[in-house]
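Each reported figure results from applying straightforward, stated rules to the coordinates on display, with no laboratory input. What you see is a predicted model; the values in this text were computed from it and never measured. All Cβ positions, glycine included, derive from the backbone under ideal geometry; neighbour counts span all protein chains shown.
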Amino acid sequence: MNTHISSENLTAYADSAVSAHERLEIERHISACSQCKIEVDQLLRVRELLRPHKNYPVPPFFASRLIAKLNAENKRSTLSDFVWIAKRLMPGFAIFLAVVWLWASSKTSDVSSVAEEYFASSDSTSAMALLAANERDLTTEDVLHLAVLEPSDSE
Ligand SMILES: [Zn+2]
């Protein structure tokens, strides 16, 4: 009574796929063990619910076609997740870079023309182009340095 009946044996019991001796042992155990009794009851309930569909014919190669379909679905969703995240992050990232760059430029060069140029650009793509065009003035290290080390010094 110390060890519970394994799930495999409980399933076999629910399927009436055990010997008379095993059946007796399992019934003796579950009469004293609520945990195993609950599991058996759930298995029997599932069998009962599935009974009307017991003889539903499975089309040929169903399993292999299902697996192939699931694999294809999996690949597609991983790719579309990536595209979705990239699309979501790109404008924010571009704006972040533009703001950092604008702010950095304000320390060294004519900020009004830079701001004018930026706000004239209607979308993040041209903000990126603007950044790329002015790459020589500001390195990636500068952007990271300014963003990480002096985030509050914008007065
Ligand atoms: Zn038990």
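Residues within the reach of a label modelled at GLN42 (point 7 angstrom out along Cα to beta-carbon, backbone nitrogen below 15 Å), restricted to the stretch 1-27, are 5-12, 14.
In this simple spin-label approximation, SER16 and PHE82 carry label points 7 Å from Cα along the Cα→Cβ vector, and these lie 5.3 nm apart.
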